[in-house]
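Bear in mind these aren't lab numbers, they're just calculated from the coordinates by the rules spelled out. The structure presented is a predicted model; accordingly, all values stated were derived computationally and were not measured. Cβ sites come from the backbone with ideal geometry, for glycine too, and all protein chains shown count toward neighbours.
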Amino acid sequence: MKRLYYYLPYLLIIIIFSSYGQSIKSVSPSSSQQNIYLPVSISGTNTHFVSASNTQVYFVQGSTTIYSDYVDALTNTSLNAYFYFPFGYPT
C-alpha cells in the first residue's frame, strides 16, 4: 500500500475562529496511508475550540481539499478532527 504523506508546511489547515490572534501549535500525525479513517489531533494557542459553534477543519494540497467528517473539541486549545483519506489522493 502506498504511503500518503501530508507535509504540514505545505498544507493549509484552516479553522474558523471568532476572533484574531490564534495559531496552530501542533498537528499529529503528520502522515497517513490511503483508504483509512484517521483521527488528527490539533492543538492551538489562544484558541477557543470548545466555545466555537462551527469549527471546520480541512487540508488543502494543490487542487485537492479533504474535509474532516467530524470535529471533537476536547478543550479550548485541543481538538480531534476525523478524516477519511481515500485512494487516488496526491502522494
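Shown in residue order for the range 49-58 are the 3J(HN,Hα) couplings computed by the Karplus curve 6.51 cos²θ - 1.76 cosθ + 1.60 at θ = phi - 60°: 4, 5, 7, 6, 9, 9, 7, 10, 10, 7 Hz (x for Gly and Pro). Distant-in-sequence amide contacts of THR55, defined by a placed amide H-H separation under 5 Å and a gap of 5 or more residues or a different chain, comprise nothing.
Distances between placed amide hydrogens fall under 5 Å for VAL40 paired with ALA81, TYR82, PHE83, all partners being 5 or more residues away or on another chain. Annotation: for a label point projected 7 angstrom from Cα along Cα→Cβ of GLN33, residues of the range 60-91 with backbone N closer than 20 Å are 82-91.
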